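S.K.: Please find one structure pasted underneath; my questions will follow.
Readers should treat all values here as calculations from the given coordinates under stated rules, not as data from a laboratory. All figures in this text were calculated on a predicted structure; none of them were measured in a lab. Cβ sites come from the backbone with ideal geometry, for glycine too, and all protein chains shown count toward neighbours.
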2 protein chains.
Amino acid sequence: MISIVLIGTGNIATHLFDTFLQYDMLNVLQVVGRQKETLNYFSQKTDTCLLTETITTADVYIIAVSDDAITEVSSKLKDVNGLVVHTSGSVPMLALANCKNIGVYYPLQTFSKGKKVNFRTIPICIEAENDENLKSLSFLAETISDKVYHISTEQRRHLHLAAVFVNNFTNYMYTIGNEICDEHQVPFDILRPLIKETSDKIATLAPKEAQTGPARRNDVATMQRHLDQINGKNKKQIYKILSESIQEKYGKKL
Amino acid sequence: MISIVLIGTGNIATHLFDTFLQYDMLNVLQVVGRQKETLNYFSQKTDTCLLTETITTADVYIIAVSDDAITEVSSKLKDVNGLVVHTSGSVPMLALANCKNIGVYYPLQTFSKGKKVNFRTIPICIEAENDENLKSLSFLAETISDKVYHISTEQRRHLHLAAVFVNNFTNYMYTIGNEICDEHQVPFDILRPLIKETSDKIATLAPKEAQTGPARRNDVATMQRHLDQINGKNKKQIYKILSESIQEKYGKKL
């Protein structure tokens, strides 16, 4: 059995907490927060305390707070013997260097408040400084997920950048599509099956192979028509740059 | 019962053909192609002929060919009394103006060769010049799909542009994510659950509400780190323009 102290009360902390509770082998001794009100949800099920109070002794301390608060929080844990990890995609493991045993426990998924997630399908990227700590983290990760990867700090920062493209920027493409529909009184719902199929394809196909559209087939006339009909400088520029980049990638002369 | 002549042998023609065959009320009398070899698949199940040969009489003629061939093909149908429609998102209905009865029958989905599709969930956008023709097209569309929309030529061209953003450009975001992973020996598979969740969210949430990431929260430090680590002028420019556009949309001063 692994005993855990969870520091943080946001989306990731809440989803991890709910998931850990489902496994007898994982024992969340305490949840630590900055403000009393944010601890209400957790205090119904386990011990809670403020960051300024006494943190209990555990095997693993999981820091699930915003990136810029990680170092400050870790300074409160510099004397503990347990393993101190953070859950961030973009913060180096060595941001925890003031602690004795350190690591990273990064679940790569987008979490929404109130929306249940199935951790078994969520990749967890772990990192540690020695085999023993890596073994503990592996156990903690494999207990809740079927997809555990050893990822270095260097790899993780690139993974996090890639995630911005496939998640944040993809969602922005949806937003632009939605805006174009709204401007011309077309229900955005018409596009939802296309959005679903576009991502479904990627489950079995490399995105490079799945590329279609005017830029891919170098259909200059359609691209020009599209540019003419786009309202707004930003959208026009985005259309242009993405189309040119696709044309370049697929070997069409500009 | 509606009798149909299908002109074209590509992805859309094939998927429509396979689907029409499942319904007793739809009778595909003939499939018309440019080359004999492309007709092999269809000739096992119905009559086929070349575009230069005699096209049979039917209630509806569906032109499912590439955009730039539509007008040429329609010129062969200028004397028929049946309804002549094309299946394109970006070609005006009036491209068929040399025919007597015209319309559009546009299934909005991305079709891959060999991958079965369930037409019941695919939106079909229809357009016609009078009620009688619209009624025929409604029947033809509602027989195979639960999502039928009356969409004008003007609306359709904007819908087609929106589809480029949510489908073609989204796929390109996946491609960039994949490239970043490959450059740094990270398996792209780690990102697949995130890709799925990003699109799943949109089934119930407006994309505007689902936006997350460094640009959304105006996290300038992370954006600068990302820009520093990106290899390649194109990717850097895409990251910059999309981030700035998101910052602007969500009211952050640049």
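S.K.: Return the tail of the calculated pair distribution for segment B:90-156, meaning the percent of Cα-Cα pairs more than 17 Å apart.
M.R.: When all Cα pairs of segment B:90-156 are counted, 44 percent exceed 17 Å.
S.K.: If you find the alpha carbon centre of segment B:156-198 and of segment B:57-106, how far apart are they in angstrom?
M.R.: Taking the Cα centre of segment B:57-106 as reference, the centre of segment B:156-198 is 34 Å away.
S.K.: Here is a further query. In debye to the nearest 20, how big a dipole does segment A:156-249 give about its Cα centre with +1 on each Lys and Arg Cβ and -1 on each Asp and Glu Cβ?
M.R.: Computed charge dipole of segment A:156-249: roughly 400 debye.
S.K.: Could you name the lysines in cross-link range of A:K113, using Cα to Cα under 24 Å and dropping any fewer than eight places away on the same chain?
M.R.: Cα-Cα hits under 24 Å: A:K36, A:K45, A:K147, A:K196, B:K196, B:K201, B:K208, B:K249, B:K252.
S.K.: Taking the label point as lying 7 angstrom from Cα along the Cα-to-Cβ axis, what are the distances from B:M1 to the corresponding position in the remaining copies, in ascending order and in nanometres?
M.R.: 7.3
S.K.: Which angle from 0 to 90°, rounded to the nearest 10, does the C-alpha axis of helix A:170-183 make with the longest principal axis of chain A?
M.R.: In chain A, helix A:170-183 runs at an angle near 50 degrees to the longest axis.
S.K.: Now, a different point. What nm value, rounded to one decimal, do you get for the distance between A:T121 and A:D146 when each label is placed 7 Å out toward the C-beta?
M.R.: 1.0 nm
S.K.: Rounded to a whole number of µm²/s, how large is the Stokes-Einstein D of chain A at 4 °C and 1.567 mPa s, given Rh as the Kirkwood radius over C-alpha pairs?
M.R.: Value of D from the Cα-based Kirkwood radius: 62 µm²/s.
S.K.: Next question. Mind pulling up the Rg/Rh value for segment B:2-151? Radius of gyration and Kirkwood radius, both on Cα.
M.R.: Rg divided by Rh gives 0.92.
S.K.: Now for a different question. What angle, in degrees between 0 and 90 and rounded to the nearest 10, separates the Cα long axis of helix B:153-163 from the longest principal axis of the Cα atoms of chain B?
M.R.: The helix B:153-163 is inclined about 40 degrees to chain B.
S.K.: Okay, next question. To one decimal in nm, how far is B:N130 from the same spot in the other copies, if labels go 7 Å from Cα toward Cβ? Please give the shortest first.
M.R.: 8.8
S.K.: Could you give, in nm with one decimal, how far A:D182 is from each other copy of that position, shortest first, with labels 7 Å out from Cα toward Cβ?
M.R.: So the label point of A:D182 gives 3.7 nm to the other copies.
S.K.: Take A:E244, project a point 7 Å from its Cα along the Cβ direction, then tell me which residues of segment B:176-196 have their backbone nitrogen under 19 Å from it.
M.R.: Zone members listed by number: B:176.
S.K.: Run the quick spin-label model on B:N98 and A:Q22: label points 7 Å from Cα toward the beta carbon, then report their separation in nm to one decimal.
M.R.: 6.3 nm
S.K.: If eta is 1.306 mPa s and T is 10 °C, what Stokes-Einstein diffusion coefficient results for the protein assembly as shown, Kirkwood Rh from Cα pairs, in µm²/s?
M.R.: 63 µm²/s
S.K.: If you place +1 on the Cβ of every Lys and Arg, -1 on the Cβ of every Asp and Glu, and leave all else neutral, what size is the dipole of chain A about its Cα centre, to the nearest 20 Debye?
M.R.: 940 debye
S.K.: Rounded to the nearest 20 Debye, what is the dipole magnitude of the protein assembly as shown about its Cα centre when Lys and Arg each give +1 and Asp and Glu each give -1 at the C-beta?
M.R.: Approximately 800 debye in magnitude.
S.K.: Roughly how tilted is helix A:192-201, in degrees to the nearest 10 and between 0 and 90, from the longest Cα axis of chain A?
M.R.: On a 0 to 90 degree scale, this one is about 70.
S.K.: Just which residue of chain A brings its Cβ nearest the axis of rotation onto chain B, and by how many angstrom, rounded whole?
M.R.: A:S199, 2
S.K.: Follow-up question, since we're still on this one. For segment B:156-249, what value does the Rg/Rh ratio take when both radii are computed over Cα atoms and Rh is the Kirkwood radius, given to two decimals?
M.R.: Value, to two decimals: 0.97.
S.K.: Next up: Which aspartates and glutamates does B:K240 reach when only Cα atoms under 18 Å apart count, and residues fewer than 8 places away in its own chain are ignored?
M.R.: A:E244, B:E179, B:D219, B:D228, B:E248
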